[in-house]
Structure formats: structure tokens, C-alpha cells
């Protein structure tokens, strides 16, 4: 009976890990939580923080790989000339005493030591706001506990030694394993498009533009073509335009017979909250070196919020390699730093950053 029982427990553990692998993004008052398909979760304060932002993240699984950062900055403001933030931190108007192992810079304070993080969370306890003495910054703690409890619960750490809140005596090894990653093909060497191939593809794209119901101004219309493989090419045509986004139409086209084009459809492997799984191709770009088709949907002109994706062609279709989204338009960071909900592993390469 022992071996069937162990098998059953292992299956339950694996099932739990798979269930928890669904990406999610949630808000708890002034805090936002993002968990990706590997169940790595990160929380940060949003809203009227005046550039003072704390982020706390932790990987899933037995190993406790956690990081806490407090930073002063903004996408459009560098805060040049400000003194270091560490000695100026205040909790509800009283100097915040830091203990443990910290790395301190001019505009940043960070630690990846689990004991230090636990001590810091105990120190701020029931506090409401972290501010900076004689400077900007308003880091609201409203919603932090709910965010941390959500992460603990999602990673099934409640009642274990590794929980941030509601710790228990259960060993850290009792939490589910890290969900497995999908592996996508990497770029392969290919022959660049010849002048003749490119001319034929651009002629085809111009015809498709004229035949499609696209409202974009003629001066903003763009037709682009790239080699996708030894036999296929990718063609992008600008179709619709807003204040800061351009919607593209895309086709996968045989390099030697443009008349046999296949429309490119980008379908997400998960359902973002309040959105469709079918993704509209916005501000599309293709990088022949990495073999990635990239999209960027900006919710505001300064690019501090929106959705950024990367896709790789597997010989039949484009598959999602990376999905990042920032719903909080608070001027904190640009697309390269938006929270990541979906990651993959490239064949014979490291994890997609």
C-alpha cells in the first residue's frame, strides 16, 4: 500500500502545480500582484506613490528565492541630486529601523536574504505609509498584507516555514514543485531575402493593403517583409492607427509564391482577465536575429502601461514566448520592465528574460 499512496500524493502534488501555473494579475487596494506560468509572484505598490516603489517577489517551489526592493524613480523623472534613500525612510512619520543584510544605493535599497525580508515585514507590521524625510515619496502599505497572503496561498506556503504571513511548522519542502516550462525552437540560420523576393513580397503586400479595409492615413502606411525560414517570409502591413498604436495585418508567405499567403493569427495559451485569447498585432516588429515577432500595445503615449509580447515561429505557427503586462498607468516603468505573466525556454538556451 505504501507505493500506491506515494504515487497518489505525487500525482496530487503535480496536479496542484499545474493548476497554479495559470498566469494571473490582481489588485489589492494600493498593491498589484503578478504571478507567471512558473508561479513566480511579484507584488508592488501602485497609484500616487510619487516615485517611491517597493517590490517583493518570490519563486515557487522548495527553494526560497525571494527579493525585496525599495526604489525612488520614475519613467520621466530621474530624481538627480537626491541623497540616499535608506537613512531617510520613515514609517508613519517615524524613522524606519532596518536590520539584516541590505544592499544600499543612491536611489535603491534591496535584499535577497529571506531572514532580512521576514524581519522587515515584521517591522512595518500594521504601518500605513512609508515616506522619505525631506523629499518626495508616498509608499502606501494598504493592501500589502492581502497581496502577500494571496502569494502565500497561491504558492501553497500558508502554514509552512517559508510563508511570509501565517507561518507554520510544516517544512518548506512540502510546497508544490515549480511548474515545467514550455520549450520553443530558437532561430535557425537562413538565407536573407533576395532583391527579387523582397520586391515580389512588397508588391503582394501593397495589393493586400489596397484590398483590405484599412483606414490608416496613406502617409503612415508601412509594408515590411522579413525572411522567416528558407521557404517562408513574414509580411506586415499597417492597417489601423490611433494616437500611439498602429494595428498591423500579417501574413506568412511562401518566398517563391506570394499568392499563397496564410494570415497570421496570434492566439494566447491563456486568457488574460477581461481580454480575448486572440491578440491584435499592434506596433509589430520582427527580429531576424532572434526569430521573434514582437508586439507592443501602449495604453498611454509615454508607454508606462500596456501589453508587450514576443512570439516564435515553430514551422507551422507563431507560439507565445513571452507576455508582459502593466495595467497600472502610474509612470513607474517602460515595456522592458513590465511584469511578466508568461515565459518559455528556448531550445539549447537559457530562460527567456
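The values are calculated or read from the model by the stated rules, or taken from the named source; none is laboratory data. Predicted model only: the values in this text are computed from it and were never measured. Counting neighbours? That spans all protein chains shown, and the Cβs are built from the backbone with ideal geometry, glycine included.
Here residue 271 clears all of (1) farther than 16 Å from residue 334 by Cα; (2) in contact (Cβ under 8 Å) with a residue 40 or more places away in the chain; (3) outside any strand (DSSP E or B) except the condition numbered (2). One residue stands out in region 181-190 among those that are touching a strand residue (DSSP E or B) at 6+ places or on another chain (Cβ under 9 Å) and part of a loop (DSSP other than H, G, I, E, B): the one that is farthest from residue 161 (Cα to Cα), namely 190. Per this entry, residue 228 is counted among residues that are in contact (Cβ under 8 Å) with a residue 40 or more places away in the chain and surrounded by 15 or more Cβ atoms within 10 Å (Cβ to Cβ).
Scanning for something more than 30 Å from residue 60 (Cβ to Cβ) and touching a residue at least 12 places away in the same chain (Cβ under 8 Å), does region 164-187 turn up at least one residue? No, region 164-187 contains no residue that is more than 30 Å from residue 60 (Cβ to Cβ) and touching a residue at least 12 places away in the same chain (Cβ under 8 Å). Of all residues in region 232-268, those satisfying the criterion of being closer than 19 Å to residue 198 by Cβ, touching a residue at least 12 places away in the same chain (Cβ under 8 Å) and assigned to a loop (DSSP other than H, G, I, E, B) are 255, 256, 261, 264. Being at pLDDT 95 or above, over 23 Å from residue 33 (Cα atoms) and in the same structural domain as residue 25 (by TED's automatic domain parsing) holds for only one residue in 88, 58, 122, and it is 88.
Among 32, 50, 42, 25, which is the only one that is surrounded by 16 or more Cβ atoms within 10 Å (Cβ to Cβ) and outside any strand (DSSP E or B)? Exactly one residue qualifies, and that residue is 50. Take the residues in region 191-213 that are surrounded by fewer than 17 Cβ atoms within 10 Å (Cβ to Cβ) and part of a loop (DSSP other than H, G, I, E, B); name whichever of them is farthest from the chain's Cα centre (by Cα). If we take residues in region 191-213 being surrounded by fewer than 17 Cβ atoms within 10 Å (Cβ to Cβ) and part of a loop (DSSP other than H, G, I, E, B), then 194 is farthest from the chain's Cα centre (by Cα). Quick test of your reading of the structure: residue 120 fulfils all but one of (1) touching a residue at least 40 places away in the same chain (Cβ under 8 Å); (2) over 19 Å from residue 67 (Cα atoms); (3) out of contact with any helix residue (DSSP H, G or I) (no Cβ under 8 Å at 6 or more places or on another chain). Name the failing condition by number. Residue 120 satisfies all of (1) touching a residue at least 40 places away in the same chain (Cβ under 8 Å); (2) over 19 Å from residue 67 (Cα atoms); (3) out of contact with any helix residue (DSSP H, G or I) (no Cβ under 8 Å at 6 or more places or on another chain) except (2).
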